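All remarks here apply to the structure that follows.
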Amino acid sequence: MVTHRRPVKKVTRRPGGLSARELAVADAIVHDDLNIAAAALLYDMAALQSTERSQFGYKRAAKAIVGLPVSVADLVRARTLRDVEFVGPSSARIVTELVEQGHSPSVDGALAKAMRPSQVTSRREFRESYLSHLAMQRALAAPLGAGTVSPAQYRGDFQMHSTWSDGGEGIATMAEACRRLGHTCLGITDHSYGLPIARGVAMADISRQHQEIDQLNATYDGEFRVFKGIEANILADGSLDLQEDERAAFEFVVASPHSLLRRSEDQTPRMLGAVRGASVTILGHPRGRVYNSRAGVAADWDRVFEEASKRRVAIELDGNWHRQDIDFALARRALQAGCIFALDSDAHSVGELRFSEYAIAHARLAGIPATRVINCWSNEELDEWMKSVNH
């Protein structure tokens, strides 16, 4: 576990990334992810069903396959695919067709008979560059260069939520769960008051939350640290739902989009405004995409990354399985722009803390060095960086 590093220095633009051989390894992991491909076909089939019950069956099978620790190809060869819970005969047939033929005649035939097939196929763009559990594991274990970030270097998670907003557990419970994972710090980021749907915490309650954090840190006596953060909502004009003077109460601020996520028009000014906002430290789940549901914010991301690089605002790779935002492909462009990164779980419960592994996996597929990942920095580096961005 990395606990000591050189003082933080401004990251200058440099190529970075993977070598040609490492890039081939990374791309093969994505290309060979039959589990995510099988799940996508099941989601196609679900969308073609006339009843909610039939839709639910295919969706449940898809989720089961996405979470498998082994390849569906191995299960088909071993004739054990039906042993997977929630995978019924129809779902098994589609997956077997994919493994044995490279496509599914069952899904192809259903699409050919559909009245409006474009309503199904249009959702495929909402599934690009996602990883299954198996692909995530392979990315974590792949030989992708000594400098590329690894789980062993990961010190702590900088986006998670507690019962102060819409989380399921208290800060102390989340901290102990992080300690069991081998982490030595965390950043708590309950939602700000401008997002009532997420039970955003009122500024009047922040002092009490911070007293709780101070007490925890005193108890840990340097063995573990809780950083005081907040997740603020990016409004339509690029401003935040948290005023500039209010942001000063926190050690770091995550600015994230939670609205206008299904629009196709360009929102570059909005995202640039957020990155330029006073005290903004991390650009959280920048697109706001959700698997099979929405593509999220459309923007000139290269311009956004350039601005974030200048201001040393970290670009988040949100590991929540349904988000995986940004993904490895977009992260490669952010790396070229000279950005630093935050690899986070966006956990709302203890069980979701492992989502950080998806963030690390995407970062590895992008070739991001540990030196550019705030989750690998020492407390001293983090303090210096947070203060420099906030002032």
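The table that follows gives values for the structure above.
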quantity: Considering residues of the stretch 293-318 that are part of a loop (DSSP other than H, G, I, E, B) and not polar (S, T, N, Q) only, the residue nearest to residue 123 (Cα to Cα); calculated: 295
quantity: Matching helices (runs of 4 or more DSSP H) fully within the stretch 63-122 where at least 3 residues are touching a residue at least 12 places away in the same chain (Cβ under 8 Å) and more than 29 Å from residue 323 (Cβ to Cβ); calculated: 89-101
quantity: In the stretch 365-391, the residues that are open to solvent by 10 Å² or more (accessible area, probe 1.4 Å) and assigned to a helix (DSSP H, G or I); calculated: 371, 379, 380, 381, 383, 384, 387, 388, 389, 390
quantity: Residue in the stretch 331-342 that is under 22 Å from residue 161 (Cβ atoms) and either touching a helix residue (DSSP H, G or I) at 6+ places or on another chain (Cβ under 8 Å) or open to solvent by less than 10 Å² (accessible area, probe 1.4 Å) (or both) present; calculated: yes
quantity: Within the stretch 78-112, tally of residues that are charged (D, E, K, R), closer than 12 Å to residue 41 by Cα and surrounded by fewer than 19 Cβ atoms within 10 Å (Cβ to Cβ); calculated: 2
quantity: Where residue 208 falls short, out of the listed (1) under 23 Å from residue 350 (Cβ atoms); (2) in contact with a strand residue (DSSP E or B) (Cβ under 6 Å, 6 or more places away or on another chain); calculated: (2)
quantity: Every residue from the stretch 23-44 that is part of a helix (DSSP H, G or I), acidic (Asp, Glu) and open to solvent by less than 30 Å² (accessible area, probe 1.4 Å); calculated: 44
quantity: Complete set of residues in the stretch 147-172 that are open to solvent by 20 Å² or more (accessible area, probe 1.4 Å) and more than 22 Å from residue 358 (Cβ to Cβ); calculated: 163, 164, 170, 172
quantity: Answer residue from the stretch 153-199, given it is touching a helix residue (DSSP H, G or I) at 6+ places or on another chain (Cβ under 6 Å) and of a type in the set (Ser, Thr, Tyr) and is nearest to residue 246 (Cα to Cα) among those; calculated: 165
quantity: From 300, 344, residue being touching a strand residue (DSSP E or B) at 6+ places or on another chain (Cβ under 9 Å) and closer than 22 Å to residue 260 by Cα; calculated: 300
quantity: Tally, over the stretch 287-296, of residues that are of a type in the set (Val, Ile, Thr) and surrounded by 21 or more Cβ atoms within 10 Å (Cβ to Cβ); calculated: 0
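Matching residues to (1) crowded, with 24+ Cβ neighbours inside 10 Å; (2) closer than 26 Å to residue 298 by Cα:
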{"residue": "225", "(1), (2)": "no, no"}
{"residue": "233", "(1), (2)": "no, yes"}
{"residue": "239", "(1), (2)": "no, yes"}
{"residue": "251", "(1), (2)": "no, no"}
{"residue": "255", "(1), (2)": "yes, yes"}
{"residue": "272", "(1), (2)": "no, yes"}
{"residue": "282", "(1), (2)": "yes, yes"}
{"residue": "285", "(1), (2)": "yes, yes"}
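Rundown of residues vs (1) within 21 Å of residue 215 (Cα to Cα); (2) assigned to a loop (DSSP other than H, G, I, E, B), yes/no style:
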| site | (1), (2) |
| --- | --- |
| 130 | no, yes |
| 136 | no, no |
| 139 | no, no |
| 146 | no, yes |
| 152 | no, no |
| 165 | yes, yes |
| 175 | yes, no |
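The values are calculated or read from the model by the stated rules, or taken from the named source; none is laboratory data. Since we're looking at a predicted model, the values are computed, not measured. Don't worry about glycine lacking a Cβ; one is built from the backbone with ideal geometry, like all the others, and counts go over all protein chains shown. Note: areas computed on protein heavy atoms with side chains; ligands, DNA, RNA excluded. Shrake-Rupley method; radii C 1.70, N 1.55, O 1.52, S 1.80 Å.
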